[in-house]
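The values are calculated or read from the model by the stated rules, or taken from the named source; none is laboratory data. Fair warning: this is a prediction, and the values are worked out from it, not measured in the lab. Cβ atoms come from the backbone with ideal geometry, glycine included; neighbour counts cover every protein chain shown.
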Amino acid sequence: MYVRAAKNRDELWLLDQIESLSADDIAFRSRDYVIVIDSDKPTKLGFGRNRIHKEHTTSDFCEITSICILDDSQKESILAHIFESLIKKAQKEGFDNFYFFTKNTDYLSQLGFISLEESDLSPPVLDRLSEKRATISPEIDPLLLDFQVFKIPSHIKATFTSLKSTTPPPSKLTPEDFGINPEKTSYKYSTRK
């Protein structure tokens, strides 16, 4: 199992999944997503997204959203992979934490998410919470993850190490990858005889 950034060719698949799961698709940009791939099959197991809210000059914030798991048998491991990858992306953007608007669970608490009081939220974050409650569920809580306290529980970390591969298999580039048909293409400086 490994995580990679979504590519342009994943856009249609992502939009189909988001629509079928009624997930948050506001301000959709495929480059914001990461996708978990099963390296043995290869199939897509889940995805998630960082949405950076930059419309507020004094209090930009990062939100993790559109988390979708397509394989319940490995749910905890897939979620941990998604969070870990999205944390790295958010850190590259200069953030130390991100918000997640969902019901708090024991699993999320184990990873380091904490529930916040609404009175502790800045106006832009409070607006986003109200938006999520209106569109997703009124039961949603505001959660915050400080990246320094993020930790993967040992029973999930064990599944990371027991997996055969954590990196994508190397791909060999072929002429077809560049839109070239080697059977019909002639080259100005061809050395073939």
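Descriptive notes on the structure:
- Among the criteria (1) at positive phi; (2) touching a residue at least 12 places away in the same chain (Cβ under 8 Å), the one Asn97 does not fulfil is (1).
- Candidate set from region 45-57 (those that are of a type in the set (D, E, K, R) and surrounded by fewer than 18 Cβ atoms within 10 Å (Cβ to Cβ)); member that is modelled with the highest pLDDT: Lys54
- Contacts under 7 angstrom Cβ, first residue in region 111-122 being closer than 19 Å to Ile156 by Cβ, partner of a type in the set (Asp, Glu), 6 or more apart: Gly112/Asp146
- Residue that is modelled with pLDDT under 85, assigned to a helix (DSSP H, G or I) and not hydroxyl-bearing (Ser, Thr, Tyr), where the choices are Glu19, Glu11: Glu19
- Selection count where residues are surrounded by 11 or more Cβ atoms within 10 Å (Cβ to Cβ), part of a loop (DSSP other than H, G, I, E, B) and of a type outside the set (Phe, Trp, Tyr), scope region 91-135: 9
- Single condition Gly48 does not satisfy, out of (1) assigned to a strand (DSSP E or B); (2) touching a residue at least 60 places away in the same chain (Cβ under 8 Å); (3) not aliphatic (A, V, I, L, M): (2)
- Region 11-22, residues that are crowded, with 18+ Cβ neighbours inside 10 Å and not polar (S, T, N, Q): Leu14, Ile18
- Flag: Val3 matches the condition of being touching a helix residue (DSSP H, G or I) at 6+ places or on another chain (Cβ under 6 Å), in a strand (DSSP E or B) and either in contact (Cβ under 8 Å) with a residue 60 or more places away in the chain or surrounded by fewer than 20 Cβ atoms within 10 Å (Cβ to Cβ) (or both).
- Qualifying residue in region 141-149 (condition: outside any loop (DSSP other than H, G, I, E, B), at pLDDT 90 or above and loosely packed, with under 11 Cβ neighbours inside 10 Å): yes
- Residue within region 68-81 that is under 23 Å from Lys54 (Cβ atoms) and outside any loop (DSSP other than H, G, I, E, B) present: no
- Filter pass, Arg31 being buried (at least 19 other Cβ atoms within 10 Å of the Cβ) and among the basic types (Lys, Arg): no
- Some residue of region 54-62 being assigned to a strand (DSSP E or B) and not hydrophobic (A, V, I, L, M, F, W, C): no
- Here Phe61, Phe100, Phe47 are screened, and the one residue that is among the aromatic types (Phe, Trp, Tyr) and within 18 Å of Lys151 (Cβ to Cβ) is Phe100.
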